[in-house]
Amino acid sequence: MTLQDPARVPDNDTGRFFVNVECTDCDTCRCIAPDFFARNDEAGYSYVLRQPETEDDEDAVYEAMDCCPADAICEDE
């Protein structure tokens with residue numbers, strides 16, 4: 001995470017991928033990769049439920065990242 005990245009939402013699973021506070025709760029990531037993203041109903045945002053383990057898993061998360069209209073899905077490098 002760089003200094004310019006907005007803060008992570010607190011529910012993210014620990015690991016490389018995360019959702020930041022820019023999430024608009026549009027449901028895109030949950031539709032594309034429901035095994036990896038969930039919704040905090042009270043706060044109204046998505047978060048990384050679990051980190052990808054395989055290349056296919058990563059592909060699903062990257063697709064969600066590419067389609068996120070708020071650019072709220074990030075990756076630590």
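The values are calculated or read from the model by the stated rules, or taken from the named source; none is laboratory data. Worth saying up front: this structure is predicted, and the values here are computed from it rather than measured. FYI the Cβ positions are ideal-geometry reconstructions off the backbone, even for glycines, and counts take in every protein chain you see. Each accessible area value is taken on the protein alone, full model and side chains, heavy atoms only, with ligands, DNA and RNA left out. Shrake-Rupley method; radii C 1.70, N 1.55, O 1.52, S 1.80 Å.
Annotations for the structure displayed:
- Solvent-accessible area assigned to carbon and sulfur over the chain amounts to 45 percent, based on a 1.4 Å probe.
- Loop-resident GluC sites (Glu not before Pro) (DSSP state other than H, G, I, E or B) in segment 1-57 with no more than 12 further Cβ atoms inside 10 Å of their Cβ: Glu42, Glu53.
- Net length gained if the chain between Cys67 and Arg16 were fully extended (0.36 nm per residue, minus Cα distance): 16.5 nm
- Among beta bridges identified by DSSP and lying wholly in the chain, the antiparallel ones come to about 100 percent.
- Evaluated at q = 0.11, 0.14, 0.16, 0.22 Å⁻¹, the base-10 log of the normalised Debye intensity for the chain, with identical point scatterers placed on the Cα atoms, takes the values -0.22, -0.36, -0.47, -0.93.
- Only helices enter this figure: runs of n ≥ 4 DSSP H residues, each worth -39500 (n - 2.57), summed and divided by the residues of the chain, yield -6500 deg cm²/dmol at 222 nm to the nearest 500.
- Remark: segment 2-57 carries 60 Å² of accessible area per residue (probe radius 1.4 Å; ligands, DNA and RNA excluded).
- For Asn12, distant residues with modelled amide H under 5 Å away: Val48
- Inter-site label distance for Glu77 and Leu49 at 7 Å from Cα along Cβ, in nm: 2.9
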